[in-house]
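Have a look at the structure below before the remarks.
Quick note: the coordinates plus some simple rules give every number you see, no bench work behind them. Keep in mind it's a predicted model, so treat the numbers as computed, not measured. Please note: Cβ atoms are built from the backbone with ideal geometry, for glycine as well, and neighbour counts cover all protein chains shown.
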Amino acid sequence: MATKTPKTVSSNRREVGAALRSFRRRAGFERVEDVAEFIDVSSVTMGRIEKGEAPIDRAKLRVLADKYDLNDQEREALLEMARQTRGRRGTFPAYYSVKSRAFLELEAEASEVLMVTIDVIPAHFQTDDYMQALFEGNGEGMAQDEIDRLKRIRSDRQTILTQARPPKVRAVIHETALRIPVGGPEVMHDQLLHLAKLSELPNVEIQVQAIEEGAYPGMGVAFLLLRLDNDPSTDRVQMDSAGSLVYRDRSVNTEPYRLAWERKRVAALSLPASKALILNAARDFGPCTDR
């Protein structure tokens with residue numbers, strides 16, 4: 001029987017390539033042609049490396065790390081991720097900033113994005129004012145320039161909803177997130193109308209877990225699951241554990257989240273009932289006329 005190792009390795013290479021692509025753009029190099037000569041490969045080969053279709057050795061990685069001006073932490077994490085293409089994968093803590101960077105890059109290539117939230121509107125659906133209120137109220141006292149930077153990242157993520165070949169984006173949101181007045185009534189009213197409008201996109205499904213239903217499957221668990229090429233073996237999961245992002249891949253680690261998603265989806269309201277509840281919540285905040 002054929003082994004699945006090649007597919008697993010290729011999947012992990014894809015993260016290395018995505019991270020390299022993100023670092024290249026951050027460094028101001030828009031095209032693979034601009035950097036291929038740094039490691040003495042053709043632009044075609046460089047493109048295949050960034051797509052995860054070809055390996056890259058440690059010496060070439062170090063050269064690119066220098067050209068892209070990676071800091072020590074980023075360099076170490078990138079090299080460790082490359083080592084993972086030849087070994088065991090599993091759970092990665094938040095200090096793997098390269099892991100986060102690769103995850104964000106791969107969102108645009110996903111075939112399906114599944115998300116579960118409890119007390120917050122999912123990042124992909126947030127309005128600018130809602131984001132601003134969230135970051136202002138997180139207790140960290142962030143400067144406005146840092147808030148602006150985080151908002152730009154979040155807004156960039158939202159483009160996957162309407163890109164040329166968008167993924168199927170499916171969310172289960174607990175009703176609590178619709179009721180907390182983040183930013184006040186006006187902000188919430190606009191946010192909920194925006195959420196209802198997004199639910200009309202052909203690639204977006206939004207379900208609400210109603211408060212009145214009481215206990216539900218997987219209470220207290222929020223996560224985002226990314227699937228590439230409609231292939232379960234490519235699944236990777238991002239979850240927030242006590243304020244720290246943790247990433248999981250490999251089927252043995254991601255399958256429980258897929259099962260959790262199915263249970264939550266079945267327990268939540270239907271798509272029409274969910275949209276109706278969202279609009280009712282918007283009306284509860286009321287249209288504001290003192291603009």
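Across the stretch 116-226, how large is the tail of the calculated P(r) beyond 19 Å, expressed as a percent of all Cα pairs? Distances greater than 19 Å cover 49 percent of the Cα pairs.
Largest GNM mean-square fluctuation across A177, A59, A260, computed for the chain with C-alpha springs under 10 Å, falls on A59. Over 21 Å between C-alpha atoms is what I'm after, so list which of K99/K197; K151/K264; K168/K197; K151/K275; K60/K99 land there. Beyond 21 Å: K99/K197; K151/K264; K151/K275. Between helix 97-107 and the chain there is an angle of about 70 degrees, using the helix long axis and the longest principal axis of the Cα atoms.
Each of the peptides 269-276, 103-110 was scored by the mean count of other Cβ atoms within 10 Å over its residues; in descending order, highest first, they stand as 103-110, 269-276. Where both bridge residues fall in the chain, DSSP classifies roughly 60% of the beta bridges as antiparallel.
Normalised by the number of residues in the stretch 103-159, the average gap of Cα pairs under 8 Å and 6 or more apart makes the relative contact order 43 percent. Placing +1 on the Cβ of each Lys and Arg and -1 on the Cβ of each Asp and Glu in the chain, which of T117, N280, G218 has its Cα farthest towards the positive end of the resulting dipole? Going by the charge dipole, the pick is G218. Straight Cα distances below 12 angstrom link K51 to the aspartates and glutamates E15, E105, E109, with same-chain residues fewer than 8 positions distant left out. Mean residue ellipticity at 222 nm, helices only, the chain: -15000 deg cm²/dmol; runs of at least 4 DSSP H residues each add -39,500 (n - 2.57), and the sum is divided by the number of residues.
Here the contact order of the chain, divided by its residue count and restricted to Cα pairs under 8 Å and six or more residues apart, works out to 20 percent. Straight-line reach from K67: which aspartates and glutamates fall under 17 Å, measuring Cα to Cα and dropping same-chain residues less than 8 apart? Qualifying aspartates and glutamates at Cα under 17 Å: E30, E33, D34, E37, D40, E50, D57, E76.
Ordering E15, E80 from the fewest to the most neighbouring beta carbons within 10 Å gives E80, E15. With Cα atoms defining each centre, the stretch 137-166 and the stretch 243-266 are spaced 24 Å apart in the structure. Only the Cβ atoms of Lys and Arg (+1) and of Asp and Glu (-1) were treated as charged; on that basis the dipole of the chain about its Cα centre amounts to roughly 1200 debye.
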